[in-house]
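These notes are about the structure you will find just below.
A short reminder: the numbers here are calculations on the coordinates, not readings from a lab. Remember, it's a predicted structure, so these values are computed and weren't measured experimentally. Glycine gets a Cβ as well: all are built from the backbone with ideal geometry, and neighbour counts include every protein chain shown.
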Amino acid sequence: MRSPVVAVAVVASAVAGLLAPFTIRPARAHSAWPDLHSTRTEVGCREASGPAVGEHCRLRVLVTLEVPAAVAVVLFQEHWREVDLAAEIRAGRIEELEDGFRARQFERLAGGIALRIGGEEPPGLEWKPSDRFGNGYGLDGFFVYEFEAVTTLPIVVEERTAVVVRHGNFAGDEVMFSHLVDPSAPLRVVAASVAMPPEGADLTPGSADETALWSSDESRRVFELVVEPEAHGEGNRPP
């Protein structure tokens with residue numbers, strides 16, 4: 001039987017490969033609650049591309065999930081519980097195990113997010129890992145997984161549109177939630193299930209305004225809002 005000391009050293013060596021080999025934070029997320037999972041939703045607009053859509057917004061929905069590093073270590077052990085990690089490291093196959101674990105986390109977490117536009121799931125909806133630098137790696141005490149909603153056709157906001165994002169991940173755990181409409185997006189928020197930050201708020205990670213967006217209220221597992229093109233109103237804050 002492998003001794004506890006050796007087991008810890010092996011897992012530490014394996015998990016070290018999952019850490020981001022750079023210092024750029026892959027996504028804005030909470031840092032004031034280092035032992036808690038987090039879920040962050042951001043609704044905005046894509047940059048213009050493809051067929052012209054006038055001044056209408058091509059909706060973009062991002063979801064960022066954070067798993068505390070200590071929890072990720074346990075998940076890694078459980079995922080490969082039937083594998084001799086020490087032998088895999090000696091054989092130079094640890095990167096394959098790390099990649100397999102990362103892929104499994106993306107698959108598992110994507111299954112816990114749901115999106116409805118106008119009461120219906122968009123055709124061909126998939127939650128795919130975003131292309132942010134370092135996505136799926138550990139950094140600053142968390143493993144960060146960011147997803148982007150990908151659909152068969154662009155979701156174009158031409159009139160008032162209801163958007164609902166439901167989060168089912170981390171059930172049974174205390175989770176910090178933060179939901180936001182990108183202040184720079186040409187959208188007007190007609191209604192929202194959470195208060196939007198005031199105009200001009202400092203949303204730098206860790207600032208007072210950004211920290212105030214976070215809450216462990218379980219009702220925030222559902223983020224509901226109604227948006228319309230900014231041309232239909234002034235600004236992107238609800239009246």
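Worth a mention:
- Centre separation in Å (Cα based) which lies between region 178-202 and region 124-147: 23 Å
- Dipole magnitude of region 57-116 about its Cα centre (Cβ charges: Lys, Arg +1; Asp, Glu -1), debye to nearest 20: 500 debye
- Dipole of region 98-239, positive direction: furthest Cα of 167, 181, 198, with charges on the beta-carbon: 167
- The gain in end-to-end length when the residue 158 to residue 89 segment is fully stretched comes to 19.4 nm, 0.36 nm per residue minus the alpha carbon separation.
- The listed peptides 118-124, 210-216, 38-44, 128-134, ordered by packing as a protection proxy, come out as 38-44, 210-216, 128-134, 118-124 (highest mean of other Cβ atoms within 10 Å first).
- Between residue 222 and residue 116, the contour length at 0.36 nm per residue exceeds the Cα-Cα span by 37.1 nm.
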